[in-house]
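Note sheet for the following structure.
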Amino acid sequence: MKKSFLIISLVAFFFTSVSSQDFSKMKGSEYCSMKKSQTRILGQPIQINSGPLHSYNVLKYTLSLNLYQCYTSPYLKNFTASNIIQFRVDSTLNSIRLDAVNSSLIIDSVRLAGVSFTHLNNILAIQLDQTYNVGDVVNVKIYYRHKNVADDALYVKSGMLFTDCEPEGARKWFPCWDKPSDKAQLDLTAKVKANVKLGSNGYLADSTLSGDSLWYHWVSNENVATYLTVLTSKVNYKLDIVYWHKLSNPTDSIPIRFYYNSGENPSSVKSIIRAMATWYSQNFIEHPFPKNGFATLNDLFTWGGMENQTLTSFCPGCWSESLTAHEFAHQWFGDMITCSTWADIWLNEGFATWSEAFWYESYGGYADYKSSIDGDANSYLYSNPGWPISDPDWAVTTPSTDILFNYAITYAKGACVLHQLRYVLGDSLFFATLKTYCADPNLKFQSSTISDFNQKVNLVTGENYNWFFNEWIFQPNHPVYQNTYNFQNLGTGQWKVNFFARQVQTNTVFFKMPIEINVHFQDNTDTLIRVMNDVNNQLLFWTFSKRPVLLQFDPHNQIVLKGGSTVVGVDEPQQDKYSMNLYQNAPNPVESKTTISYEIPMNTEVQLDIMNIMGETVIKVGKTLQQTGEHSVNLDFSNLPSGIYFYKLTAGNNILTKKLIVSK
């Protein structure tokens, strides 16, 4: 559940039989990424109707589909259909353009007085009967057919029919404006064989049986993105229903439908779904839809899940807690509020991956949550391809699925950035931001940009956090720290802690972040210091009335996206003429013997200690009274194992420390 695996391991895993799959070792985000990054919905991206802007807003799709012949041998993929598109005019127009892939769809006719159309190069261009003005509402009815072709959006096999459309596959089974920025209501009627169960978005308005035919009527009054519009159906599908009682009105409940194949057992998910709905409702907003559900598919949907609005698709037998936690969170982040463009995919996958970790917190506490986030960070740091979470070009030109759904960036880093925002804001402001974002009537059941979420953070906190988004979302890579520190005896029981914060990465920007430093003292007490590191090469110092013995940078690993080290040996800024100097040993690395040189500004007692990385003294050069000036000590390391060591010079009340390496 909380381990990261290499892609080669994932591939090997999914090529085993369904019965041998061990879902306890897979993160739901890994399932999701593997499935989506390998999809062939676009093949080479179909760059048509690029970008989110157009001159009308679709209000509703009313689909009527005759799927009857798809459920018996030879399991044809062709069907007849109609689509009434209701849209509101945003800019004066006399024509509209829709996405409709020529290799999948045949357009028979378009109904509106005086209308004409062309269907070329995957675009359905409709010349309207007149010029319409801003605010006018127009209905256009399209009669069309789906060809008997495999198009990686509509799947038919052995009595099962389903759709799977992210990012832009809906255009292969109904004409639409196929971008996530334009969501619309859905009214869907489908004719199937009497022994078929069919699920779709929204609630089941009715089902009518006539002879050997059954008409399902599904209605979503909540706007749906085209890629989240779904058909899932099968002959003799198994169906269980559980009910979740609303927090706002416990006497009211919503059905959660479980469609599954013979031989499967969804009880593991059925047993947790109510608690999961409650947890997410308490911390985001109350479950926003009148129904929800899950459906396992067949071997045409090899692995993973797809968060279709109110009816998630799972791979066969994939009744996994982690996959459910990830996909169910999408009902809030991705479905209720959908990324406006593919440049905003972080709002979908980053949030769902973070929510998967957050679900573990509901019963395992913060430690289980953090363990999952640490796993995400390791996945990113191990496999980082070096591009940012959001590329503005993706808003216009849809990237290939292996880039858009890259696990290291879109999922793992995306979740870690949200965790780091939680750390920066603190829990109170962080969760207040999530609730404010989810409840915003201008975003709920609509689309959102990363900028919209950024503005919510600023609104709730009363501060400007644009810097956080600029560095973590729109810049690649992560900070690499080379911090140093030392302890200085000031006399009269006073000690000074010097800390030098330095980032040395060259492949991205400086990352401004609040940093935490834990100082451990000789009396076995600790002090945690939090300070904003807002410039590079920043020297910080604190004075204490007790002796410090250990310093830890980011002791709780809250900045999970980082590399580098923090070691003893502050040597910035340069010592002035009134202070002593400790020079780097030579040779370094050390094979057996080395020389350590130093300078003291006055006659004083001097002691030199060699310590291992655990702070234990392994060589001690006893106190001797020495004269002002430069001195050298020759040391033999032949009895010490290879590794990192520190040498500490104590001269009177002053202490300096440096690092050396023993390599044999």
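Derivation of every value follows stated rules applied to the coordinates shown; laboratory data play no part. Quantities reported herein were computed from a predicted structural model and do not represent experimental measurements. Virtual Cβ from ideal backbone geometry, glycine too; neighbours counted across all protein chains shown.
Below, the figures for the structure above:
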| quantity | calculated |
| --- | --- |
| Share antiparallel - DSSP beta bridges, the chain, percent rounded to 5 | 85 percent |
| Förster-model FRET efficiency, 41 Å R0, K435 and T397, C-beta, rounded to 0.05 | 0.75 |
| Helix-only CD estimate at 222 nm, as mean residue ellipticity for the chain, using -39500 (n - 2.57) per DSSP H run (n ≥ 4) | -5500 deg cm²/dmol |
| Amide H contacts under 5 Å for T484, placed H, 5+ residues apart | F500, R502, V567 |
| Per-residue HN-Hα couplings for segment 340-345 [Karplus 6.51, -1.76, 1.60; θ = phi - 60°; Hz; x = Gly/Pro] | 5, 9, 6, 6, 9, 4 |
| Cut-off under 5 Å, modelled amide H: who pairs with G293 long-range | R257, L311, T312 |
| Relative contact order %, segment 480-568, counting alpha carbon pairs below 8 Å whose residues are six or more apart | 39 percent |
| Under the Karplus curve 6.51 cos²θ - 1.76 cosθ + 1.60, θ = phi - 60°, whole-Hz ³J(HN,Hα) for segment 198-214, x wherever Gly or Pro sits | 10, x, 7, 6, x, 10, 7, 6, 5, 9, 10, 9, 9, x, 9, 10, 10 |
| Cβ-based exposure ranking for M611, M26, M532, in which fewest neighbours within 10 Å come first | M532, M611, M26 |
| Integer Hz, Karplus 6.51/-1.76/1.60 couplings in order for segment 490-500, x for Gly and Pro | 8, x, 6, x, 9, 10, 10, 9, 9, 10, 10 |
| Amide proton proximity set for G304, modelled H, under 5 Å, gap of 5+ | C315 |
| Order of F333, F544 - criterion: other Cβ atoms within 10 Å of each residue's Cβ, fewest first | F544, F333 |
| Fewest-first sequence of L128, L98, L459 by Cβ atoms within 10 Å of each Cβ | L459, L128, L98 |
| 14 Å reach of a label modelled at D534, 7 Å along Cα-to-Cβ, counting backbone N of segment 439-470 | 463-468 |
| When each of K246/K370; K27/K234; K435/K562; K179/K291; K60/K179; K60/K238 is checked by Cα-Cα distance, pairs over 20 Å | K246/K370; K27/K234; K435/K562; K179/K291; K60/K238 |
| Segment 580-650 versus segment 373-419: alpha-carbon centroid distance in Å | 46 Å |
| Mean projected area in nm² (Cα convex hull; one quarter of hull surface) for segment 480-568 | 5.6 nm² |
| Scattering curve values for segment 213-258, log₁₀ I(q)/I(0), Debye with Cα scatterers, q = 0.20, 0.31 Å⁻¹ | -1.01, -1.12 |
| Surface/4 of the Cα convex hull for segment 400-496, nm² | 10.0 nm² |
| Mean Cα-pair separation over length for segment 581-662, i.e. relative contact order, pairs under 8 Å, 6 or more apart, % | 36 percent |
| Ranked by how many other beta carbons lie within 10 Å on average, peptides 191-200, 208-217, 387-396, 319-328 from highest | 319-328, 191-200, 387-396, 208-217 |
| Computed Kirkwood radius, in angstrom, where 1/r is averaged over Cα pairs of segment 581-662 | 12.8 Å |
| Rel. contact order, % - alpha carbon contacts under 8 angstrom, at least six apart, the chain | 10 percent |
| Computed label-point distance, nm, for sites Y363 and L459 using a 7 Å Cα→Cβ extension | 3.5 nm |
| For segment 517-664, fraction of C-alpha pairs farther apart than 27 Å, in % | 30 percent |
| For the chain, Cys with no neighbouring Cys Cβ under 4.7 Å | C32, C70, C165, C176, C339, C416, C438 |
| Under 10 Å, Cβ to Cβ, from G199 - net charge with Lys/Arg +1 and Asp/Glu -1 | +4 |
| For segment 156-206 versus segment 509-538, the gap between their alpha-carbon centres in whole angstrom | 53 Å |
| Simple label model, 7 Å out from Cα along Cβ direction - I619 to T72, nm | 9.0 nm |
| Straight-distance crosslink candidates among lysines, where the alpha carbon sits under 27 Å from K620 and sequence neighbours closer than 8 are dropped | K496, K546, K593, K648, K658, K659, K664 |
| Globularity ratio of the chain, using Cα Rg and 2.2 N^0.38 Å | 1.20 |
